[in-house]
1. Suppose the chain between A:VAL192 and A:ALA87 were pulled fully straight at 0.36 nm per residue; how much longer would it get relative to their current alpha carbon spacing?
2. Name the long-range amide H neighbours of B:LYS33: under 5 Å, sequence gap of 5 or more, or other chain; modelled H, no Pro or chain starts.
3. Semi-axes of the equivalent ellipsoid of chain B: what are they in whole Å, largest first, if each equals the square root of 5 times a C-alpha gyration tensor eigenvalue?
4. So how do B:TYR141, A:TYR180 rank on accessible area, 1.4 Å probe, biggest first, that is with the largest at the start?
5. Round to the nearest 10 and give me the degree value, 0 to 90, for the angle of helix A:3-43's Cα axis relative to the longest principal axis of chain A.
6. For a quick check: with amide H placed at 1.01 Å from N, whose amide H comes under 5 Å from B:SER221's, ignoring anything fewer than 5 positions away on the same chain?
7. Jot down the radius of gyration and Dmax of segment B:1-79, Cα atoms only, both in angstrom.
8. How much space per residue, in cubic angstrom, does the convex hull of the C-alpha atoms of segment A:84-139 take up?
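The values are calculated or read from the model by the stated rules, or taken from the named source; none is laboratory data. This structure is a prediction, so every number in the text was calculated from the model and none was measured. Every residue, glycine among them, receives a Cβ derived from its backbone with ideal geometry; neighbour counts consider all protein chains shown. Ligands, DNA and RNA are stripped out before the accessible areas are found, and what is left, the full protein with its side chains, is counted by its heavy atoms. Shrake-Rupley method; radii C 1.70, N 1.55, O 1.52, S 1.80 Å.
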Amino acid sequence: MDIEVIQEYIPLYVEAAKLTLRLAIIGILGAIIVGLLCSIIRYYKIPIIHKIVGGYVELSRNTPLLIQLFFLYFGLPKIGIVMSSEACAIVGLIFLGGSYMSEAFRSGLEAIPKIQEESGLCLGLTRWQVVRSILLPQAIMISMPAFLANIIFLIKETSVFSVVALADLMFVAKDLIGLYYRTDEALFLLVVAYLIILLPISILFTIVERRLKRVAIGN
Amino acid sequence: MNTNSKDNILQIKNLEKGFDQTTILNNLSLEVKKGEVVVILGPSGCGKSTLLRCINGLETIQNGEILLNGENIRESKQAMYAIRQKIGMVFQSYDLFPHMNILDNITLGPVKAQGRKKEEVRREAEQLLERVGLLDKVNAYPRQLSGGQKQRVAIVRALCMHPEIMLFDEVTAALDPEMVREVLDVMLELAKQGTTMLIVTHEMSFARAIADRIIFLDGGSIVEESEPEMFFTNPSTERARKFLDVFTFENVHNIETE
């Protein structure tokens with residue numbers, strides 16, 4: 001491996017990492033919102049919609065992101081829906097992440113004793129107030145390990161964004177290999193880039209989980 | 001009993017409730033006057049808890065009417081939210097919200113549901129906590145409290161809503177014997193102040209002490225309704241007599257020597 005080559009490539013990877021992270025953050029935030037909504041719909045079994053949401057969750061969890069992105073980028077334009085590469089990547093990540101988040105939050109919601117909801121209703125709170133003030137905070141706490149694992153999973157999934165012609169980390173690596181045959185350096189930097197992004201997050205999440213366990217909720 | 005009496009806070013008329021094929025409550029009628037303490041006794045599965053849950057709209061009913069101050073509690077969804085604010089309920093299991101401290105547990109309902117000022121509610125919450133001897137726990141979390149303390153907070157939480165009637169569903173059943181007393185004392189204090197209460201309990205001597213009226217429920221209907229002294233010393237039905245026998249014990253040693 002050539003150190004000088006590596007030094008030369010680093011700025012390219014930094015740019016790519018910025019793009020990857022930006023898309024990941026937007027996609028994950030979107031996935032959290034979709035996940036929360038879907039989990040509430042499924043928890044309350046809201047007529048008709050909960051069936052549709054159930055179908056979405058199964059479809060999303062049982063198809064790879066790679067194929068979802070292909071569908072968005074190459075399939076949808078055939079019926080007149082054209083999206084930019086970035087839009088495809090974000091929509092794809094939200095589509096995938098939404099179902100995983102939904103299942104995490106739903107398991108959290110279902111772990112809360114029914115009496116919590118009833119106590120809230122007894123105080124004259126509306127259903128929505130009960131969800132917001134009583135159920136969701138507890139569900140998020142309970143589902144925190146699954147929730148954090150999902151975030152890491154989704155960041156890793158961004159490595160397939162290059163199929164929709166996005167200049168993300170994977171794209172840069174492949175580009176450098178293709179152009180200059182610098183396979184060692186390009187792959188080395190790719191691994192390091194993902195580690196630099198994910199390791200601190202992983203460590204942070206482990207600490208968060210340990211903290212949560214210490215202040216374990218439950219009466 | 002005078003059915004049209006104006007001072008009836010709660011009126012239940014021909015209430016029917018069932019799950020699938022089984023009938024839980026069968027044509028049950030009951031009135032509770034302002035300031036009255038009514039204790040509901042009966043074997044498990046007789047419908048006591050279900051009755052309380054119906055009054056609060058936590059269960060659907062098949063037939064009959066439940067009126068609070070003459071208002072039908074099932075008028076509409078909106079009316080239901082409003083009426084629930086006037087009914088305080090304390091459950092058997094400690095049902096405090098574990099993610100909120102004691103103060104937030106108490107102020108949630110008054111602030112969110114009733115739209116009262118947080119500062120005013122906080123002051124009232126502190127006064128009520130002081131009355132039940134828990135003012136020092138105002139910033140504690142439910143997990144840091146004993147079962148008896150949690151139940152006292154649950155009572156304060158209900159009281160802070162200024163309810164017109166309080167429902168107690170076996171509030172001491174899940175407590176260690178030593179903690180039962182502290183909770184019952186709070187309830188006795190409320191009775192002295194004229195709080196209208198509907199109490200389901202298995203504490204017989206407590207029932208006798210606190211009740212203005214005993215309702216004995218079996219098989220989903222009222223079997224007997226009488227003054228506590230009358231009920232405990234000379235129940236008029238065979239079913240009630242049998243029920244009360246369960247709570248008295250023969251002296252084992254005497255039987256052996258005889």
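1. Full-extension gain reported as 35.1 nm.
2. Amide H to amide H, under 5 Å and 5 or more residues apart or across chains, B:LYS33 pairs with B:ILE9.
3. For chain B, the semi-axes come out at 31, 25, 16 Å.
4. A:TYR180, B:TYR141
5. Relative to chain A, helix A:3-43 is tipped by roughly 20 degrees.
6. HN-HN under 5 Å from B:SER221: B:ASN26.
7. 12.7, 37
8. 77
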